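J.: Structure incoming, see below.
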Amino acid sequence: MTDKLRPKEGWHVLHLYYRIDFGSWHLLSNEEKFAAKTSFSDLTPAFSFYSLTERSEYTTSEEEFGASLIEEKGLSKDSAEFSQAIEDFRARMKKYLQDRLYPNLPDWPLVCFYPMNKRRNEQQNWYALPFADRKRLMAGHAQVGRRFAGRVRQLITGATGLDDWEWGVTLFARDIFEIKSIVYEMRFDEVSARYAEFGEFYVGLQLPLHQLFTRLLL
Amino acid sequence: MTDKLRPKEGWHVLHLYYRIDFGSWHLLSNEEKFAAKTSFSDLTPAFSFYSLTERSEYTTSEEEFGASLIEEKGLSKDSAEFSQAIEDFRARMKKYLQDRLYPNLPDWPLVCFYPMNKRRNEQQNWYALPFADRKRLMAGHAQVGRRFAGRVRQLITGATGLDDWEWGVTLFARDIFEIKSIVYEMRFDEVSARYAEFGEFYVGLQLPLHQLFTRLLL
Amino acid sequence: MTDKLRPKEGWHVLHLYYRIDFGSWHLLSNEEKFAAKTSFSDLTPAFSFYSLTERSEYTTSEEEFGASLIEEKGLSKDSAEFSQAIEDFRARMKKYLQDRLYPNLPDWPLVCFYPMNKRRNEQQNWYALPFADRKRLMAGHAQVGRRFAGRVRQLITGATGLDDWEWGVTLFARDIFEIKSIVYEMRFDEVSARYAEFGEFYVGLQLPLHQLFTRLLL
Amino acid sequence: MTDKLRPKEGWHVLHLYYRIDFGSWHLLSNEEKFAAKTSFSDLTPAFSFYSLTERSEYTTSEEEFGASLIEEKGLSKDSAEFSQAIEDFRARMKKYLQDRLYPNLPDWPLVCFYPMNKRRNEQQNWYALPFADRKRLMAGHAQVGRRFAGRVRQLITGATGLDDWEWGVTLFARDIFEIKSIVYEMRFDEVSARYAEFGEFYVGLQLPLHQLFTRLLL
Amino acid sequence: MTDKLRPKEGWHVLHLYYRIDFGSWHLLSNEEKFAAKTSFSDLTPAFSFYSLTERSEYTTSEEEFGASLIEEKGLSKDSAEFSQAIEDFRARMKKYLQDRLYPNLPDWPLVCFYPMNKRRNEQQNWYALPFADRKRLMAGHAQVGRRFAGRVRQLITGATGLDDWEWGVTLFARDIFEIKSIVYEMRFDEVSARYAEFGEFYVGLQLPLHQLFTRLLL
C-alpha cells in the first residue's frame, strides 16, 4: 500500500510540532516516561503541516536560455559553444530539479518553519496576475534569497489541496540573526509586501534526539 | 420518522472527522478499545460537515441545446436528426442529474475534502453577479475539472443554511499529486481566484475499517 | 423578581445548544444518567444566543396605506370603503405585530438557527443607508420569504446589545431541502448579498424529549 | 505597594466574568461548595477586562462656553450674568468630571458590558480624523445617549494599552428592552456606523450575592 | 552548544506569561506547591513571545549629521568644532546602539507588553513605502515617545521570522495612567493610525518573586 501512495514526483513532507505538558509529564512513572520517549510520534501533535516537495514553475526555460545566448552573448545557434552551453544548462537544471524534489537538508542547528498563502484580495490578487508578471516578480524574490547563500538554506514545499495553507517554507541557519534578517528583508520584496499571507512561525533546534530530551529536561 | 426526513431530492451527506487521543487510548483496557472500535460513530467528531447532494443550476438547458443544433449544426427543427439529438440530450442530462443527486463514489485510495463559500466582498461579490455571468464563469471552471477526467473524481454538495460553509468539495484520486495539481490549477481560474473562500483541507485514505485500525496502530 | 424583568414588549428568547460528550456519558452510572436527563438545562451549553422578539420597523404605516388607497384604488378619504379598509388594515397589523412579539411556533420537525449582523463596511454599510432605502430593500427581501409560505416559517429576534450578533433567524420546515433552498435564494437578494454577515448555522430536529434521548442513544 | 499603584486620576476598573461548570460543581462536597462561594474571586474568570475611568477629551471648554455666551446669548464679557454663568459652568464641569472619574453606579437590576475599538481602516480611520471632526461626531453620539436619560445609565472606561480593546462600555437599566433600544439606535449614529468595532456582549443581573447563588442553583 | 546559539548581535528575549489554575492549585499538597514554585519555568506558558533586541534602521547616519552641521549650523567641514561634533555624535550613537542591543531595564513596578505588525493592506502598506517615507514617519513617531521621557521607558524587540508578530513592545512605568496615555497618544500618530496592527496587551507588576507569590495567594 505504502508504495502505491508514493506521488508521481517529489516527497511527502510532514511537519509535526509537539507540546510537552510538563504538569502531566511529572505525573508519569519512569517506565511511562521511557515508553513515551521511544514512541514519540504517538503523541498528538499541537500543529501539523502536510505538503509535497515540488518543482518551481517559474524557472528559466531552455528556449529562454537559448535566446539569451544568441541575443546577449552573440553566440550562433549552430556553434559548438552554443551546444555546450545548452548541455551545461540541462545538467544544471536537472540537478536543481533533483534538489527541489529530493532535497538534502543541512545539519545546521536552527530551523524555522512557516506556512503561507498568496493573496486573492481585490487589488492584491496573485492568482489574477498573468504568468509573465508572476515570473518577473518571483525572479526578484529569488535574488533576495540568493544574497543569503551559505547563511540560510530554504526548502519550499507545496500544500494546495493538502493542508490549510498553500506553501510551507522551512529555513535552516547557523545563527538565528540570519533567519530574522532574511524574513525581514523579504518582507519588503513585492511578492511578500503585496501578495503574501503568513501563518504561524515555528523556530526550533535541530538536535540528536537524546540531546533534545536533555534540553527539555525530559 | 427517518423516512419523513428524506429530502425532496438528493441525499444527506455527513462528513465526520475524528481525532484519536493516543494518550487516552493507551489508558483503555483491551475490552474498552474493542468497544470503542465497534461503536466508532459514538466518539465526538473533531470536525463535521452536513450537506445535501444537489443539481447544478448552471447546466445547459434544452432550449439552449436546441438553439445550438439549429445555429451551429444547421439542423432543421423538424428533422429526425434534431429529434434524435434532443432525445440523446435528455438521456444524458437525466443520467448526469442522477449522478449528481445519487452519486457512485470511486474506491480510489485518496480522499480530499474542503468546504467553501462564494465571496460577497465589495468588488468580488458572486451573489451580485447576473446569472449569465455566473453561468459563463462556471463553464470555464468546469473545463479545468474536465482536464483531470480519469485522474480526479469530484463530489460537490450544497450546505447553504445547513452548515457554516455553502459547499463541500470531496475529491477522489489515486495519486496525491493529482489532488494538489487540480486544486492549484483551479486557483487560477476566475471563479476561485476572485470569488472563492476556502475552509480547512482534510486529506485521508479510503480503507477497509480493519486496515484503517492497523494503520493507526489502534 | 422574574416579573420585574419582563421586557416592555416581546419575549425573551434563549437558544441553547448542548454537546453530548459520549466518552464521559458512558462513564456515568444509570442513576447519574437519569439525573442528567431530568436536569438537562444544568449542563453547560456549547452555544447560547439571547435575544428578544421584536416588531419590524419597516412595515407599511397607516399613512402609507391610506395614501395608496387614494392614489392606487381611487378611494375618497371620507368614503365608507376607505374607513373599512383602514379598519381592516389596523386589525391585520395588530395581528401581525402580535405574531411577531408573541409568536406561535409550528411543530414542524426541522429547525434551523443562525445569528447574523448587518455590515458596516466601507462600501457596504447598512447603518449608513437612509431609512427609505433600507425599507425598500427589506420589502424585496420579504418577497423572497413569502414565496416559501407554507413550506418555511421564520422567527426573527433582535439581539443588539444582548449578544454578539444583532439578529437571530430561526427557520422551521418539514423538508430540509426547503431550508437549504430559502437560504440559498435569499443569498442573491441584495440585503443578504451586500449587507449580511452570517454566524454559525445550527440544524436540528424538533422532537418530544424522550424521542430525542432515544435518537441520541442516551 | 497598593497605594503606589493608584493612578494619577480615576479608578482601576476590573470586569470579571465567571462560568460555572455545573458538571464539576455537582462533584464537590458541601464544604467545598461553601469554600468556593466564599472565595469566589479565586476561580479563574472566563473573561476579564481591565480599564481606567477617564475624563472625556471632547467636552466643551471654558473658552467655547464663554464664546457661546457672548455670541448666542448676547452677554457682555464683563457682566455679572457672564461671570455667574461661567461659575455655574465650572461647577457643572467639575461635577461631571468627578462623576466620570469616580462614578456612583445605580442599583438597577440589568447590566450590559461590551468592549470596543475605534476603526483604523483605509476609509474609516477614526485616528486619522482631525480633532474638530471627532469632537463634532462625539457630540452627535452623546445626543442619542441623552435621549435615554433616566432609562439607561452608562459608564465609559478606557483601556488603550491595558487590554485588547480600547474602551469598555457598561450600561445599567431597569428593562432589558432599553438596553437593546439604545445600542440599536446608537448603531445608526455615524460614530458607531462608520468607526466602531465591537467585542463580545455580556448581559447580566445585578443582585446581592446570596440571591445570585440562589438563582444559579449553587 | 548554548554559546554557538548566541546571535551575531543583540540578545534573545523571551516573554513568558503563565496562568494560575487556582482550581488545580488548591488540590496540590504543600510539597507539590513548593516544588511548583521553585521550578516555575516548567509550567506551560499561556502566551510566549520570542524576539531579539535590534538596532533601529532609521537612525540619523553620520553623513546626514555631518551635512546638518554644515547646512544648519554653518560649520566648515575641516573645523575643529566639526570634528568634535562628529566625535560626540559617534559616542552618542555607540551608546544608543549599545542600549538598544544590550538594554538596562528600569525597576519600575508596571510592565506592559504587546506584539505588533506593520500592515500590508491595499492602501496601507508599510512595506511598499520608500525608505525615506518610513524614516520620516518613524521620526515623528519617536517624538511622541520622547514626550514621555522619565515617565515611560520602552524596549522594542524584533521577531520577524521568529514569532507570529513582527515586533514586541515592552513598556515600563511607575503609574499605569502613563501607559494608557502614551499608547493612546501614539494611536493618533500616522505610523500607528495607518500602518500598525496590534496583538494582545499584557499588563503586569514587576515584583521580587516572593512578593509575587504573596500577591497571587500562592
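The values are calculated or read from the model by the stated rules, or taken from the named source; none is laboratory data. Quick caveat, the model's predicted, so the values are computed rather than measured. Virtual Cβ from ideal backbone geometry, glycine too; neighbours counted across all protein chains shown. In case anyone asks, the SASA skips ligands and DNA or RNA and just uses the protein heavy atoms, side chains included. Shrake-Rupley method; radii C 1.70, N 1.55, O 1.52, S 1.80 Å.
J.: On average, how much accessible surface per residue is there in chain A, in Å², for a 1.4 Å probe, leaving out ligands, DNA and RNA?
T.: 55 Å²
J.: Ok, one more. Using the 7 Å Cα-to-Cβ label point, sort the distances from E:Thr59 to its equivalents in the other copies shortest first and give them in nm to one decimal.
T.: 4.4, 4.4, 7.2, 7.2
J.: Another one. Rounded to the nearest 100 Å², what is the buried accessible area between A and E, both sides summed, probe 1.4 Å?
T.: Approximately 2800 Å² gets buried when A meets E.
J.: I would also like to ask the following. Rounded to the nearest 0.05, what FRET efficiency do E:Thr44 and D:His210 give with R0 = 30 Å and r taken as the Cβ-Cβ distance? Could you check?
T.: 0.20
J.: Between C:Ala149 and C:Tyr102, take the C-beta separation as r, use R0 = 22 Å, and let me know the FRET efficiency to the nearest 0.05.
T.: 0.60
J.: Here is a further query. Leaving ligands, DNA and RNA out of it, work out the accessible area of D:Tyr96 with a 1.4 Å probe and give it in Å² to the nearest 10.
T.: 100 Å²
J.: Okay, next question. At 222 nm, what helix-only mean residue ellipticity would chain A give, in deg cm²/dmol to the nearest 500, using -39500 (n - 2.57) for each DSSP H run of four or more? All intermediate terms of the calculation are to be shown ahead of the outcome.
T.: Details: 8 runs with 89 residues, N = 218.
For chain A, the value works out to -12500 deg cm²/dmol.
J.: Next question. How do C:His15, E:His12 rank by accessible surface area computed with a 1.4 Å probe, from largest to smallest? Write out the running numbers ahead of the final one.
T.: On the way: C:His15 25, E:His12 90 Å².
Solvent-accessible surface, decreasing: E:His12, C:His15.
J.: A further question on this structure: What list of ³J(HN,Hα) values in whole Hz, one per residue of region E:74-91 in order, does the Karplus curve 6.51 cos²θ - 1.76 cosθ + 1.60 (θ = phi - 60°) give from phi, with Gly and Pro shown as x?
T.: Karplus values, whole Hz, x for Gly and Pro: x, 7, 8, 4, 9, 7, 5, 5, 4, 4, 5, 5, 5, 5, 4, 4, 4, 5.
J.: On to the next question. Could you list which residues have their amide H under 5 Å from that of B:Glu54, counting only those 5 or more apart in sequence or on another chain, with H placed in the peptide plane?
T.: B:Gly158
J.: Counting only residues 5 or more places away or on other chains, whose amide H sits under 5 Å from the amide H of B:Ala196 once H atoms are built in the peptide plane?
T.: For B:Ala196, the qualifying residues are B:Arg119.
J.: Now, a different point. Would you mind getting me the FRET efficiency between C:Ser56 and C:Glu185? Use the beta-carbon distance for r and R0 = 25 Å, nearest 0.05.
T.: 0.80
J.: Label-point separation (nm) for B:Tyr18 and B:Asn30, each offset 7 Å from Cα along Cα-to-Cβ?
T.: Here the answer is 2.0 nm between the modelled labels.
J.: Output the direction-averaged projected area (hull surface divided by four) of the convex hull of the alpha-carbon atoms of the protein assembly as shown, in nm².
T.: With every direction weighted equally, the projected area is 64.7 nm².
J.: Let me ask something additional. Cα convex hull of region B:62-218: mean projected area in nm², to one decimal?
T.: 12.5 nm²
J.: Further, regarding this structure: Please list, or write none, the lysines whose alpha carbon is within less than 29 Å of the alpha carbon of A:Lys37, excluding same-chain residues fewer than 8 places away.
T.: The reachable lysines, counting only those whose Cα sits under 29 Å from A:Lys37, are B:Lys33, B:Lys37, E:Lys4, E:Lys33, E:Lys37.
J.: Please turn the phi angles of region A:207-218 into ³J(HN,Hα) values with the Karplus equation 6.51 cos²θ - 1.76 cosθ + 1.60 (θ = phi - 60°), one per residue in order, whole Hz, x for glycine and proline.
T.: Once rounded to whole Hz, the list reads 9, x, 4, 5, 5, 4, 4, 4, 4, 8, 6, 8.
J.: Something else: At 1.4 Å probe size, put B:Asp107, A:Asp88 in order of accessible surface, largest to smallest.
T.: The ordering from most to least exposed comes out as B:Asp107, A:Asp88.
J.: Give the chain A residue with the shortest beta-carbon distance to the rotation axis relating chain A to chain E, plus that distance as a whole number of Å.
T.: Measuring from each Cβ to the axis, the minimum is at A:Glu122, 6.
J.: Nearest 20 debye, what's the magnitude of the dipole of region B:22-109 about its Cα centre given +1 on Lys and Arg Cβ and -1 on Asp and Glu Cβ?
T.: 340 debye
J.: Taking H placed 1.01 Å from N in the peptide plane, check which residues at least 5 places from C:Leu75 or on another chain put their amide H under 5 Å from its amide H.
T.: C:Ile70
J.: Have a look at region C:103-126 and report residues whose accessible surface goes down by 40 Å² or more when the remaining protein chains are included, against the chain on its own, probe 1.4 Å, ligands and DNA/RNA excluded.
T.: C:Arg120, C:Glu122, C:Gln123, C:Gln124
J.: While we're looking at this one, here's another question. Starting from a label point 7 Å past Cα on the Cβ side, list the distances from E:Arg151 to the same position in the other copies, nm, shortest first.
T.: 4.1, 4.1, 6.6, 6.6
J.: Could you please report the charge total around A:Phe49, scoring K, R as +1 and D, E as -1 over all other residues with beta-carbon less than 12 angstrom from its beta-carbon? Please report the intermediate quantities before stating the final value.
T.: Working: positive: none; negative: A:Asp163, A:Asp164, A:Glu166, A:Glu200.
Net local charge, A:Phe49 excluded: -4.
J.: Considering only protein heavy atoms, with the full assembly of protein chains and a 1.4 angstrom probe, order B:Arg55, B:Arg151, D:Arg19, B:Arg134 by accessible area, largest first. Before the final figure, lay out each step's value.
T.: On the way: B:Arg55 120, B:Arg151 90, D:Arg19 175, B:Arg134 20 Å².
From most accessible down to least: D:Arg19, B:Arg55, B:Arg151, B:Arg134.
J.: Now for a separate question. First compute the accessible area of chain B with a 1.4 Å probe, then give the percent of it belonging to carbon and sulfur atoms.
T.: C and S fraction of accessible area: 53 percent.
J.: Here's another thing I want to ask about it. Where does helix B:131-147 land angle-wise versus the long Cα axis of chain B, in degrees 0 to 90, nearest 10?
T.: Taking Cα atoms only, the helix is inclined about 60 degrees.
J.: Here is a follow-up. Ratio to report: Rg/Rh of region B:156-216, with Cα atoms as the point set and Rh obtained by the Kirkwood method; give two decimals. Write out the running numbers ahead of the final one.
T.: Details: Rg = 14.7 Å, Rh = 14.0 Å.
In region B:156-216, Rg relative to Rh is 1.05.
J.: Pop out the ³J(HN,Hα) list for region D:178-186 in order, Karplus 6.51 cos²θ - 1.76 cosθ + 1.60 with θ = phi - 60°, rounded to Hz; leave Gly and Pro as x.
T.: 6, 4, 4, 5, 5, 5, 5, 5, 4
J.: Looking at chain C, which longest stretch skips every one of the GluC sites (Glu not before Pro) that is in a DSSP loop with at most 11 other Cβ atoms within 10 Å, leaving the sites themselves out?
T.: Details: sites that count: C:Glu57, C:Glu72.
Between the exposed loop sites, the longest stretch runs C:73-218.
J.: Considering only the label points, 7 Å along Cα→Cβ from Cα, what distances in nm to one decimal separate A:Lys77 from the same position in each other copy, shortest first?
T.: The projected label point of A:Lys77 is separated from its counterparts by 5.6, 5.6, 9.1, 9.1 nm.
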